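As structure tokens, the structure follows; a few thoughts come after it.
The values are calculated or read from the model by the stated rules, or taken from the named source; none is laboratory data. These figures come from a predicted structure and were not determined experimentally. In this analysis, Cβ positions are derived from the backbone assuming ideal geometry, glycine residues included, and neighbour counts consider all displayed protein chains.
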Amino acid sequence: MQSYDFTCSQDIDSAVKNMRNFGITHVPNFISEGELGLINTEFEKILINPSKAIISQSGHPMNPDGRTARFSPWHNDALTDFPEITKLFRNDFLKKIAEAYFAPHEIDFNDEVFATHEKPAETPILPWHFDRMQSIKFWFYLTDTTKENGAFEYCPSTHWEGHYRAGFHLSQGCGVEDIPNDIDESLIRNPVSLELKAGDLLIFDSDGFHRGGIVQPDQERRVLRGHTHPKNLRRYSDKPLSAGWWLKSFLNINKWTGNASKRILGDQVQDHTLNRKKHKN
Ligand SMILES: O=C(O)CCC(=O)C(=O)O
Ligand SMILES: [Fe+2]
């Protein structure tokens, strides 16, 4: 069995400690064999069947033959239409980890769940980035997954860098949607490919640098992931007169304070991190 510096047993304190230190944690054998079969069947349905608990179903934003669905495990129909997936993302152990990670702040626990089915392609499922919207994600592969299947990659401990990058841009008056988040590949160090068994639990802070791998010919990747956000999180667009709206306006003094509110960078040492609006993350 593959194990990492951040692998731990099913224990809240160890998981939260790993999340703090590495931005990621791996808990082997979370879903039983029996449940996995049922979850795979529901996964196939969630991508195409109609249900009021489904928010959207579409092609994958970056994987040409892939599919994705967004689902609310808290909708009244969720437990009837997709019982196993709903129970998985309402799980109390997951909730306790999320609460402990953000305490004393309140959270929206797994307010959205994504099912993604990726197919062979020439390009990575997603390029190196950190998410513009703050979250932790509960992630499960539904089949044993290696690099051949386009395994997820993460740079442990970069969640601190993403956290402060995002905070810096927001305080400078950049909107959430405009945060430069596609990381220049030449800055990537010590990436880890998450080659895991079906049903292992992976949790990561999406402020850490991460990407999807490349699905090789004749392979597939099946992922279920739940997104947990801090409550009342600032979203992509700002309502007039909201805090974010004022920060974006000329009244934000940080826009006028030059190098008093930021570090200088030499012309040859510019940051080439790009903003990307091609897909939601
Ligand atoms: O699908 C992948 O491997 C990357 C997913 C991702 O970027 C995310 O969940 O934030
Ligand atoms: Fe992401």
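A few points about this structure:
- Members of the range 151-162 found to be under 15 Å from Leu187 (Cβ atoms), part of a loop (DSSP other than H, G, I, E, B) and either of a type in the set (Gly, Ala, Ser) or modelled with pLDDT under 95 (or both), listed by number: Ser157
- With respect to the stated conditions, Thr273 is hydroxyl-bearing (Ser, Thr, Tyr) and at pLDDT below 95.
- Scan of the range 109-150 for residues that are of a type in the set (Val, Ile, Thr), buried (at least 22 other Cβ atoms within 10 Å of the Cβ) and modelled with pLDDT under 95, ordered by number: Ile125
- For first residues located in the range 137-153 and among the hydroxyl-bearing types (Ser, Thr, Tyr), partners that are in a strand (DSSP E or B) and within 14 Å of ligand 2 (Cβ to nearest atom) and lie 6+ apart or on another chain with Cβ distances below 9 Å form the pairs Tyr141/Leu202; Tyr141/Val223; Thr145/Val223.
- Residue in the range 229-244 that is touching a Gly at 6+ places or on another chain (Cβ under 6 Å), more than 16 Å from ligand 2 (Cβ to nearest atom) and either at pLDDT 95 or above or of a type outside the set (A, V, I, L, M, F, W, C) (or both) present: yes
- Selection count where residues are surrounded by fewer than 20 Cβ atoms within 10 Å (Cβ to Cβ) and in contact (Cβ under 8 Å) with a residue 60 or more places away in the chain, scope the range 61-84: 2
- Residues being within 12 Å of ligand 2 (Cβ to nearest atom), closer than 18 Å to Ala115 by Cβ and not in a strand (DSSP E or B) - total across the range 132-146: 1
- So Ile97, is it away from ligand 1 (no atom under 13 Å from the Cβ), crowded, with 16+ Cβ neighbours inside 10 Å and of a type in the set (Val, Ile, Thr): yes
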